[in-house]
Amino acid sequence: ERRAAELSLVDPLTGLANRTAFERDLVMMMPRSATAQQSREFKLDGPPAVVALDISDFKYIRGRLGHAGGDLLLVEIAEALRDALADLGTVYRIGGDEYATIIRSHHMQHVDFVGARCADALRALDGDDRYANQGIAIEFHVGGAIWREGMTAADLAAEAISQQSGGVQEAGFAPVAS
């Protein structure tokens, strides 16, 4: 029973925590009241912030690589993000080609730093000839948001995802306009 509960929080393909775990953890990190916001712990750690990443045109990539090749790429992306963010917290696979992490911070610069780490991790995959030889560039969107008074966990996650529209990052190349 305990093992089944643990498995229900893990993405079977990548081994990352899944969307259910993300939602549970984000709700647990949300301030419960004005008193909680004033607590010493909250002041030291900051409010929850979400950084979300989405792979662009993954259906095209999977079409070029085949189903197994697409799955392998998702696993490699998961491993790259897990390694890059190991000291910052949990990486979640929240959708087919969507990943996220939760941090605590009062400053958008911290959110941007985590987003840059995610981007650097994916750019490192650019050296893999399996993708370059097939004309595949791994493009992605990264966005982030910090909790504000009145936001629910769902609001915070949705805002982080909506911030992804700021531009496309292409692994191994300079940012390009979306």
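Summary of computed values
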item	result
Residues of the stretch 88-109 satisfying the condition of being farther than 18 Å from Ile161 by Cβ and either among the aliphatic types (A, V, I, L, M) or under 10 Å from the mean Cα position of the chain (by Cα) (or both)	Leu88
Test: Gln109 is farther than 11 Å from Asp54 by Cβ and free of Cβ contacts under 8 Å to residues at least 40 places away in the same chain	yes
Criterion: open to solvent by less than 50 Å² (accessible area, probe 1.4 Å) and either at pLDDT 95 or above or part of a strand (DSSP E or B) (or both) - qualifying residue of Tyr92, Tyr131	Tyr92
Wholly within the stretch 19-87, helices (runs of 4 or more DSSP H) carrying at least 3 residues that are surrounded by 14 or more Cβ atoms within 10 Å (Cβ to Cβ) and at pLDDT 90 or above	19-29, 58-84
Filter result for the condition that a residue is under 14 Å from the mean Cα position of the chain (by Cα) and within 26 Å of Gln134 (Cα to Cα), over Leu65, Leu81, Leu73, Leu85	Leu81
Matching entry among Ser105, Ser162 (being at pLDDT below 90, out of contact with any Ser or Thr (no Cβ under 7 Å at 6 or more places or on another chain) and within 17 Å of Val91 (Cβ to Cβ))	Ser105
Pairs with Cβ under 7 Å, 6+ apart, first in the stretch 68-96 and acidic (Asp, Glu), second open to solvent by 40 Å² or more (accessible area, probe 1.4 Å) and part of a helix (DSSP H, G or I)	none
Matching residues, the stretch 95-108, being in a loop (DSSP other than H, G, I, E, B) and either among the small types (Gly, Ala, Ser) or within 10 Å of Arg19 (Cα to Cα) (or both)	Gly96, Ser105
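The values are calculated or read from the model by the stated rules, or taken from the named source; none is laboratory data. Quick caveat: nothing in here was measured; it's all calculated off a predicted structure. No Cβ is skipped: glycine too gets one built from the backbone with ideal geometry, and neighbour counts run over all protein chains shown. Keep in mind that these areas ignore ligands, DNA and RNA; they rest on the heavy atoms of the full protein, side chains included. Shrake-Rupley method; radii C 1.70, N 1.55, O 1.52, S 1.80 Å.
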